[in-house]
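Novice: Mind having a look at this structure? Questions to follow.
Bear in mind that the values in this text are calculations on the coordinates, not laboratory data. Values in this document were obtained by computation on a predicted structure and should not be read as measured data. Methodologically, a virtual Cβ is constructed for each residue, glycine included, from the backbone with ideal geometry; neighbour enumeration extends over all protein chains shown.
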Protein chains: 2
Amino acid sequence: MPDVFVDVGMSLDGFIAGRNRSPQNPMGGVAPSIHEWMIKVHAWRDRQSLEGGDRNQDNEIASETFERAGAYIMGRRMFDEGALAWPDPPPFQKPVFVLTNHPREPWERQGGTTFYFVTDGIERALKRAQEAAGARDVHISGGGHTIQQFLNAGLVDEVQIHLAPVLLGDGLRLLEKLDGMPSHWSTDRVIPSDDVTHLRYRLA
Amino acid sequence: MPDVFVDVGMSLDGFIAGRNRSPQNPMGGVAPSIHEWMIKVHAWRDRQSLEGGDRNQDNEIASETFERAGAYIMGRRMFDEGALAWPDPPPFQKPVFVLTNHPREPWERQGGTTFYFVTDGIERALKRAQEAAGARDVHISGGGHTIQQFLNAGLVDEVQIHLAPVLLGDGLRLLEKLDGMPSHWSTDRVIPSDDVTHLRYRLA
């Protein structure tokens, strides 16, 4: 059965976004340093309609993460902030289910990305995303609060963390406000590179 | 020149000790799960005068960490709590410099461990530890506050983090209250095992 997975960049001190976040700067002032590895690689640049990029192991991991996803789920805030930042065509190239309280017609973009707005909760959003994804996996994109909701509901099979050797000191933490802790995950794969360590965990 | 290094077990959510810490239980109720890998391996058990233990890659890392240390530095609280818990002979087998405000004569134990009590600050403690260590490295053992003091003073060359796939949810964080953040470390070595990922970083 396809997986429900989370894929995030995180600083060594546990932040997925920096301080001073704003709609114009959703990652916060210092957080782009978490993603330095990603913006260098071909697979990411290609999804942003940018030329070039490294074709190294980091690239393979970015590529694999795009390829496995048959649908995405994100929170309303991430959508609102991202809608200002994503290029057209957007990088998803698959259906994206946005959790919101405000009903809205689907918004079809170029290149295979259509945003669907789901007002009846995370389980319903997941069901729709799984139907859309078919044999592929569902990527819980974010933001932090949305990921925490899915983790707390026990709906996540796998968490991939791209751990950057960076200390942010402040910002938005991913791994907090989780119920049922302490808990133990199972290490599935660890791939280091100069810029980042790709950690993959399976959840019981 | 020999290194000054930190070596800690940390949960995926950034804690080096759990909640509900007490002198009788210095790691807190749930934190032993961080160290599960360690208490299984021969090198650690041998230092505790215990039989057996795995002789795998985790063991090599534990052994290497003991062998490279020519002297240790720790805070008064770690000493006070540890003194109740360490066996005799204690696991260090080298001079240990304890940061304290209370002058006290050196305390010589069996097996090469002597505790020296240093009342004139971390830089003086480091100088004495480096002299005692000779060609070997100085291990800043802890606790968290002591490690933070050395990091903030720019006195640490290397940080090794044994990252356990465990969420504690609460407790004592290592990587906070650090000045000069954001900062960027350099990934030196990553060695995964089933139980833990051994991360080693060089500091600029």
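Novice: By counting other Cβ atoms within 10 Å of each Cβ, how are A:S49, B:S11, B:S141 ranked from fewest to most?
Specialist: Ranked by crowding around the Cβ, least crowded first: A:S49, B:S141, B:S11.
Novice: Okay, moving on. With 30 Å as the limit, write out which pairs from A:K127/A:K177; B:K40/B:K94; A:K177/B:K177; A:K40/A:K94; A:K40/B:K40 have Cα-Cα distances beyond it, or answer none.
Specialist: Over 30 Å apart, Cα to Cα: A:K40/B:K40.
Novice: Let me ask something else about it. Search the structure for amide H atoms under 5 Å from the amide H of A:V41, placed 1.01 Å from N in the peptide plane, and list their residues when 5 or more places away or on another chain.
Specialist: Close amide H contacts, sequence-distant or interchain: A:D54.
Novice: 7 Å along Cα→Cβ for the label point: how many nanometres lie between A:L84 and each equivalent label in the other copies, listed shortest first?
Specialist: 5.3
Novice: Using helices alone, I'd like the mean residue ellipticity at 222 nm for chain A: each DSSP H run of four-plus residues gives -39500 (n - 2.57), total over residue count, nearest 500.
Specialist: Calculated from helices alone, the mean residue ellipticity at 222 nm is -7500 deg cm²/dmol.
Novice: Let me ask something additional. Among B:R104, B:R128, B:R47, whose mean-square fluctuation peaks in a Gaussian network model of chain B (Cα, cutoff 10 Å)?
Specialist: Answer for the Gaussian network model of chain B: B:R104.
Novice: Next question. What nm distances, shortest first, do you get from the label point of A:S49 to those in the other copies when the point sits 7 angstrom along Cα to Cβ?
Specialist: Sorted ascending, the copy-to-copy spacings read 7.2 nm.
Novice: With charges set only on the Cβ (+1 for Lys and Arg, -1 for Asp and Glu), what does the dipole of the stretch B:56-134 come to about its Cα centre, in debye to the nearest 20?
Specialist: Using Cβ point charges on Lys, Arg, Asp and Glu, the stretch B:56-134 gives about 300 debye.
Novice: Sorted from shortest, what are the nm distances separating the label point of B:E131 from equivalent points in the other copies, each placed 7 Å from Cα along Cα to C-beta?
Specialist: Distances to the matching label points in the other copies: 7.7 nm.
Novice: Roughly how large, in nm² to one decimal, is the mean projection of the convex hull of the alpha-carbon atoms in the protein assembly as shown? Please list the in-between numbers first.
Specialist: Working: hull surface 84.2 nm².
Approximately 21.0 nm², given one-decimal rounding.
Novice: Turning to a different aspect of this structure: Sort the stretch B:139-204 into rounded, prolate or oblate with this rule: let a ≥ b ≥ c be the square roots of the eigenvalues of the Cα gyration tensor; rounded if a/c is under 1.5, and if a/c is not under 1.5, prolate when a/b is larger than b/c, oblate otherwise.
Specialist: Oblate shape, in that a/c is at least 1.5 and b/c is the bigger or equal ratio.
Novice: In a Gaussian network model over chain B where Cα atoms closer than 10 Å are linked, find which of B:I122, B:I39, B:I140 has the largest mean-square fluctuation.
Specialist: Result for chain B, Cα springs under 10 Å: B:I39 fluctuates most.
Novice: Return, ordered by residue number, the residues of the stretch B:129-143 whose backbone nitrogen is under 14 Å from a label point located 7 Å along Cα→Cβ of B:W86.
Specialist: B:139-143
Novice: Here's something else I'd like to know. Please list 3J(HN,Hα) in residue order for the stretch B:111-127, calculated via the Karplus relation 6.51 cos²θ - 1.76 cosθ + 1.60 where θ = phi - 60°; whole Hz, with x for glycine and proline.
Specialist: With coefficients 6.51, -1.76 and 1.60, one gets x, x, 8, 10, 8, 10, 9, 10, 10, 10, x, 6, 5, 5, 4, 5, 4 Hz.
Novice: Could I ask something else about it? Along the axis that rotates chain B into chain A, which residue of chain B has the nearest beta-carbon, and what is the gap in whole Å?
Specialist: Measuring from each Cβ to the axis, the minimum is at B:G14, 2.
Novice: Along the charge dipole of the protein assembly as shown, which of A:P90, A:A153, B:V96 sits closest to the positive end, that is, farthest toward it, with unit charges on the beta carbon of Lys, Arg, Asp and Glu (+1, +1, -1, -1)?
Specialist: Positive-end residue among those listed: A:A153.
Novice: Can you list residues from other chains, or at least 5 along the same chain, whose modelled amide H is less than 5 Å from the amide H of B:Q48?
Specialist: So B:Q48 has HN proximity to no qualifying residue.
Novice: So what J values fall out for the stretch A:157-169 if you push phi through Karplus, 6.51 cos²θ - 1.76 cosθ + 1.60 with θ = phi - 60°, rounded to Hz, Gly and Pro as x?
Specialist: With the stated coefficients, the stretch A:157-169 comes to 8, 8, 10, 10, 10, 9, 8, 8, x, 10, 10, 9, x Hz.
Novice: Taking chain A as a Gaussian network, Cα atoms linked when under 10 Å apart, which of A:D170, A:D137, A:D188 shows the biggest mean-square fluctuation?
Specialist: Greatest mean-square fluctuation among the candidates belongs to A:D188.
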